[in-house]
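Following: one structure in structure tokens, then a few remarks.
The values are calculated or read from the model by the stated rules, or taken from the named source; none is laboratory data. From a predicted model like this one, the values you see are computed outputs, not experimental measurements. Glycine also receives a Cβ, built like all others from the backbone with ideal geometry; neighbour counts cover every protein chain displayed.
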Amino acid sequence: MITVLLVDNHPLFRDGVARLLSDAPGIALSGATGNAADALELARRHKPDILILDVYLPGISGIELGRKIRDFNKETQCLFLTDSDNPADLFAALRCGGRGYLLKDTTSQTLIEAIHQMHSGGVVIHPKMAAVLVDEFNLLTKYAQQRRAAKNQAEDSSLTEREIEVLRLVARGLSNREIGEKLDISPHTVKTHLSHLMEKLQINSRVEATAWAIRHGLLKED
């Protein structure tokens, strides 16, 4: 039997989900509340397998509540059932140990299946939010590819480590004097490094140097 604790501050919605869970085979409802203090007490008493909660609750975020409950019971899995399709909420929920994130347009059957899937060790993400994860993964992959390309081209161009440092600071808009202060070298030495790297990259201005650094992802390493 899978034990479930439900936390949602909207009584009509909470009562409907509670009835659904009470009637579902293989699921035992440990309690239903809209109050964080009651949720903590119920969680300590029953140690539920699954904690269903909204991201937003009065006085405390559902994410913080989930973290508090998991602090004393690591076995409890958090399933966020929410209206929020904000990517920041999704990432925060996953960082706090959440194993499920569903929007409230989810069907009753999908919710029941999600509970069983999570109890079996799975992760459940609403399709709309799964697309957000894919987009984030693709973005991180793109940045990683840019960094590798920048490193490879820098190596192919025989840029020294110091020249790469100078190039990165030029791209950030620093003057030769400011770069010299950061790297503890003279403005004249900065100018020499800049001249050498421009020759190697076959560029003619600080604007082109900045464009090259941005295009090849050097600023992503700051």
Seminar exercise, completed: Per the filter on the stretch 80-99, residues among the hydrophobic types (A, V, I, L, M, F, W, C), free of Cβ contacts under 8 Å to residues at least 60 places away in the same chain and either surrounded by 23 or more Cβ atoms within 10 Å (Cβ to Cβ) or touching a Leu at 6+ places or on another chain (Cβ under 7 Å) (or both) are F80, L90, A93
Exercise. Only one residue in A37, A28, A43 is outside any strand (DSSP E or B), among the aliphatic types (A, V, I, L, M) and surrounded by fewer than 18 Cβ atoms within 10 Å (Cβ to Cβ), so which one is that?
Worked result: A37
Exercise. When you look at I52, is it assigned to a strand (DSSP E or B) and closer than 29 Å to E136 by Cβ, yes or no?
Worked result: yes
Problem set entry | Close pairs (6 angstrom Cβ cut-off, 6 or more residues apart or separate chains): outside the structural domain of R67 (by TED's automatic domain parsing) in the stretch 30-54, assigned to a strand (DSSP E or B) and surrounded by 21 or more Cβ atoms within 10 Å (Cβ to Cβ) anywhere | none
Exercise. Would you say G98 is over 12 Å from V55 (Cβ atoms) and assigned to a loop (DSSP other than H, G, I, E, B)?
Worked result: no
